[in-house]
Amino acid sequence: MKVRIKFTKQGPVKFIGHLDVMRYFQKAMRRADVDIKYSEGFSPHQVMSFAAPLGVGLTSNGEYMDIEVNSMADCNTLMNQLNDVMADGIKITECHRLNDNAKNAMSLVAAADYTVTFREGKEPEDRKGFFDGLLAFKDQEHILITKKSKKGEREVDLKNYIYQLSVCDNKIFMKISAGSADNLKPELVMEAYDQWRGEASPEFAFCIQREEVYGNTGDEANPVLVPLGLIGESVE
């Protein structure tokens with residue numbers, strides 16, 4: 001039986017890396033007495049996968065993981081079992097039973113929502129000018145940035161990977177491409193904006209929070225972005 005779980009990552013646990021989050025949930029499944037399925041072979045492990053690893057230092061209201069269980073009473077009971085053993089900052093917010101043929105969350109990831117705010121004391125003196133400039137930056141025909149890697153430097157156009165970019169109540173909202181093929185980090189969007197305006201933001205100026213992760217139920221030409229929790233959900 002396949003189950004998709006949505007959870008938060010807030011507070012000090014934002015400094016815990018992805019591998020440690022995986023180990024944490026493996027132990028949490030045992031503490032919560034979840035009847036999780038194990039792989040076969042000489043080294044059995046819990047059947048568990050995560051949609052999109054979150055960068056260290058980022059918080060989130062929209063993390064997803066898939067598990068397989070041998071049995072469970074219902075989704076609400078499973079949520080309560082897990083929340084009873086969760087550490088501060090990690091909370092199960094949704095639980096969905098999936099169809100047997102549902103694809104795993106990792107393979108579905110196509111986009112993600114982020115909220116970006118300034119850390120206290122890191123705000124620009126001309127906050128209005130900063131936000132107005134961001135909207136002008138979004139409206140360019142091309143959004144070019146020079147990316148550095150071990151192989152050298154190359155110019156990349158981010159325009160096609162930024163689906164939404166807006167400002168409300170001194171918060172920056174962006175919906176950007178995600179997944180294994182075209183993964184765009186929100187930090188890179190802000191770096192591109194700094195390059196465009198010719199002025200660097202202070203180090204560690206931004207607090208970044210992931211709000212939701214989406215899969216594409218359409219096609220490349222006509223994408224239809226749907227929250228992962230609603231894709232493959234069983235109607236039983």
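Nothing in this text is a laboratory measurement; each read-out follows from the coordinates by a stated rule. Please read all numbers here as calculations on a predicted model, not as lab measurements. When we count neighbours, we look across all protein chains shown, and the Cβ atoms used for this are built from the backbone with ideal geometry, even at glycine.
If R0 is 45 Å, the Cβ-Cβ spacing of ASP157 and HIS18 corresponds to a FRET efficiency of close to 0.95. Note on ASN99 and ARG127: the extension gain reaches 5.3 nm, defined as 0.36 nm multiplied by sequence separation minus the Cα-Cα distance. Counting only DSSP beta bridges with both residues in the chain, the antiparallel share comes to about 95 percent.
When shorter helices are ignored and each DSSP H run of at least 4 residues is given -39500 (n - 2.57), the per-residue value for the chain at 222 nm works out to -6500 deg cm²/dmol. Using Cα atoms only, what is the angle between the long axis of helix 186-197 and the major principal axis of the chain, expressed in degrees (0 to 90) to the nearest 10? Approximately 0 degrees, to the nearest 10. Cysteines in the chain that lack a partner Cβ within the 4.7 Å cut-off: CYS168, CYS207. Relative to the longest principal axis of the Cα atoms of the chain, the long axis of helix 127-138 lies at roughly 80 degrees. The stretch 1-21 and the stretch 212-236 have their alpha-carbon centroids 21 Å apart. Note on the stretch 105-178 and the stretch 50-97: Cα centroid distance 28 Å, given to the nearest whole angstrom.
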